[in-house]
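For reference, the structure is listed below as structure tokens.
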């Protein structure tokens, strides 16, 4: 009897040990996936910014997001979920418009503005727009959130002023292109917040991630082809190779890795990985001869990173 009891205890200990080892492996896999996703995203932003100087920025968004929609459509069909169009078409329409702001604004800005600044403004302006939307819904804003909001606003203003004063990594004149690039950077920050909001609404209506990713890109695809239909065939054969490379390495693969990270890691670590993207972007752009060193940009990127980490810590404590 004692021998049987000992064996049962040993088996139980072995099972717990195997579970702990499995959890440790999946956690490491998730961390690796998040790190690779951030690195690939940052590298693709710098690579895209260097190649788009001689091409229309919406050539990439049209072709790339058409392929992305086709890719996720395959997975959405395999899930055999029922679409609830009647109750969700308004949220889907708003998600498409928000995606236009987020993605077309982002890739347009990269043609004229330093990649690290575009990436930082997208991340840094997020808390400001979140507070603005919360105020519109008459929600109470914590003092710490106000502090983070004003801090991110200061850091973003520092980056904007660096562009206007010509001390950013990309030497630009204060012309319409630079102003449009900054406006597009602000727009992509707003679009990113709205995308999160409307994606959550669709998720609450029973839409899966693949379903959302398949149908959120129609606005981008249509507008991109409207802007480039007359030059599409003139440029497509010269640019299709790098567009495919950035699509796979900079869009599809980071999305897949990010999803794996979300699956295996806690929310805190996922959000932390997103804060690292502007930092990685700044490091990668040092290898681009078109972009020079900018201490002002580095200060803004680091400040936004610190505020981002602080914001995540506050969110974790509140939850």
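The numbers here are math on the coordinates, done by the rules we state, and not lab data. Keep in mind that this is a model prediction, so the values were computed, not measured. Cβ atoms come from the backbone with ideal geometry, glycine included; neighbour counts cover every protein chain shown.
Scanning the stretch 117-137 for residues that are crowded, with 20+ Cβ neighbours inside 10 Å and farther than 16 Å from residue 307 by Cα gives a single hit, 118. Does at least one position in the stretch 230-249 carry a residue that is closer than 30 Å to residue 149 by Cα and surrounded by 16 or more Cβ atoms within 10 Å (Cβ to Cβ)? No, the stretch 230-249 has no match at all. Of the residues making up the stretch 45-54, at least one is surrounded by fewer than 18 Cβ atoms within 10 Å (Cβ to Cβ) and farther than 22 Å from residue 277 by Cβ. Quick check on the stretch 214-227. Is at least one of its residues exposed (fewer than 14 other Cβ atoms within 10 Å of the Cβ), part of a loop (DSSP other than H, G, I, E, B) and on the phi < 0 side of the Ramachandran plot? No; the residues of the stretch 214-227 include none that is exposed (fewer than 14 other Cβ atoms within 10 Å of the Cβ), part of a loop (DSSP other than H, G, I, E, B) and on the phi < 0 side of the Ramachandran plot. For the stretch 62-72, the criterion of being surrounded by fewer than 23 Cβ atoms within 10 Å (Cβ to Cβ) and over 27 Å from residue 230 (Cα atoms) is satisfied by at least one residue.
Every listed requirement among (1) within 16 Å of the chain's Cα centre (by Cα); (2) under 30 Å from residue 307 (Cα atoms); (3) surrounded by 18 or more Cβ atoms within 10 Å (Cβ to Cβ) is met by residue 265 save one, (1). Among the conditions (1) part of a helix (DSSP H, G or I); (2) surrounded by 13 or more Cβ atoms within 10 Å (Cβ to Cβ), residue 207 misses just one, which is (1).
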